[in-house]
Structures are given as C-alpha cells and as structure tokens.
Amino acid sequence: MITNRYTLRRTEVNAIDAAMLREVEQRSMGDSDYSVDEVLALLRRPEQYAYLAVSGDESAAVGFVSCIETPTGNGVTRLEIDMLGVVPEHRRRGLALALVTRAMDDAVQRGVRRFRGIVAVDNDASRRVFRRAGFAESPDLYQLVTYDVLGLSPVPFLPWRWSLYTLTEGGGTSPAGGAPFRATGPGREVHQLQAAGGATVALA
C-alpha cells in the first residue's frame, strides 16, 4: 500500500538525483556499474525517463523505474520499461506497481500508446507487477546481448531517433561505397543503421 511515507517523482537532471538513482539501483538490483557522471549523462538524454520512490523526508530513494522511448520502425513511439527495483525492506508495499503506473501515465500524456516491459523469465515478482499493470506476457523469449564495439568514439546508446534494423532479405549499398550488402536468410542477415531522417549511415 502506498502511504504518505513515500513520494513518487521523476528524477531531475542533477548530480543529487543521479547519485540517488545510482544508489537505489545498487541497493535493489546491483546490475549496473555506472558512475554518477554516467547516470547523469543518461538522464540528460531526451528519450530517457526515470522515476524515484523516496521516503517521506526525501532523504533516500527506496525504489526506481527506468524507461526509454524507442521508435518501432513505423513512426510509432514505444515506452520500454527496462529497469525496476525496490530495496528489500520496502518491498510488498505496492511501490513497484506505483512506479510502473506513474511512468505509463506520464507517457500517455506525451502521446505514447505502446509499452513493453523487459523482465527476466525467473523474476516472478516483476512479472506479477507487470501483469497487474496491464501487460500481457509474450510467448517468445528474447536473449539480451551486450556488444562491446571498439572504435574511435564508442557510445553506449544510439543517437536520438536513430534505428538499427536486421534484414533477412534485401539489402543495400554501404554509404562508404563498394559492393552491395545482400541478406540471404537466417544466419546471413544485414544490419542496417538509419539516422533520424531515415538515411542509411551504415550496413554490416
């Protein structure tokens, strides 16, 4: 149950909230090794939305949800809810559901109508929260993979409204010139990176 002991609010783009977000993630999940500066850089991104559940005296965050708006490829924006955590001593009080609901309500006000939650198959608590928030589980399972890209200027996220597609047929010519890239089915896909205006900037 949510009481006046807690306040739900969107994170502000400052070092204090970045530190609070990092601390509550470490206490509730411990999945991220981001520094405060890296968290602050994420909060500055226009597609990034994060919310905190803070104690009544605003002294500490006890829960959080982190979301990102992503294009679906057909001009529709979707809210991806990819991190959700509540510190152990404040669980079973409705905070997780309240955080997800707040993030979704704010997104609806921005015009978002599609939502997706990213949940590990063995995380029964989060699965229950998302079901209560109105989500339906997909029968398909997805393997989340992190790539380390070595280059002159590696970045952790695509620029705003850039898109990465995997083509199993068709293809195109690289902007750098040379022979065309052609997909010939599973195992021989072409990865296409498009800028915000739809121009192809890379093929692999």
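The values are calculated or read from the model by the stated rules, or taken from the named source; none is laboratory data. Just so it is clear, the model here is predicted, and its values are computed rather than measured. Neighbour counts are summed over all protein chains in view; Cβ atoms, including those assigned to glycine, are modelled from backbone coordinates with ideal geometry.
Look at segment 75-107 and say how many of its residues are surrounded by 12 or more Cβ atoms within 10 Å (Cβ to Cβ) and part of a helix (DSSP H, G or I). Selection size over segment 75-107: 13. Of the residues that make up segment 55-62, is at least one at pLDDT below 95, assigned to a loop (DSSP other than H, G, I, E, B) and crowded, with 17+ Cβ neighbours inside 10 Å? No, every residue in segment 55-62 fails to be at pLDDT below 95, assigned to a loop (DSSP other than H, G, I, E, B) and crowded, with 17+ Cβ neighbours inside 10 Å.
Residue pairs whose Cβ atoms lie under 7 Å apart, separated by 6 or more positions or on different chains, with the first residue in segment 24-38 and free of Cβ contacts under 8 Å to residues at least 24 places away in the same chain and assigned by TED's automatic domain parsing to the domain that holds ASN14 and the second of a type in the set (Gly, Ala, Ser) and in a helix (DSSP H, G or I), are VAL36/ALA15; VAL36/ALA18; VAL36/ALA19. Annotation: ALA133 fulfils all but one of (1) touching a strand residue (DSSP E or B) at 6+ places or on another chain (Cβ under 6 Å); (2) surrounded by 12 or more Cβ atoms within 10 Å (Cβ to Cβ); the unmet one is (1).
Taking segment 54-69 as the range and being closer than 14 Å to ARG116 by Cβ and in contact with a Ser or Thr (Cβ under 7 Å, 6 or more places away or on another chain) as the test, only GLU69 passes.
No other residue among LEU21, LEU8 is of a type outside the set (Lys, Arg) and in a helix (DSSP H, G or I) apart from LEU21. Cβ separations smaller than 6 Å between residues 6+ apart or across chains give the following pairs from segment 42-66 residues that are in contact (Cβ under 8 Å) with a residue 60 or more places away in the chain to residues that are among the hydrophobic types (A, V, I, L, M, F, W, C) and surrounded by fewer than 20 Cβ atoms within 10 Å (Cβ to Cβ): PRO46/TRP160; GLU47/ILE68; GLU47/TRP160. Evaluation of TYR34 against the conditions (1) modelled with pLDDT of 95 or more; (2) in a loop (DSSP other than H, G, I, E, B); (3) of a type in the set (Ser, Thr, Tyr) shows that the sole unmet condition is (1).
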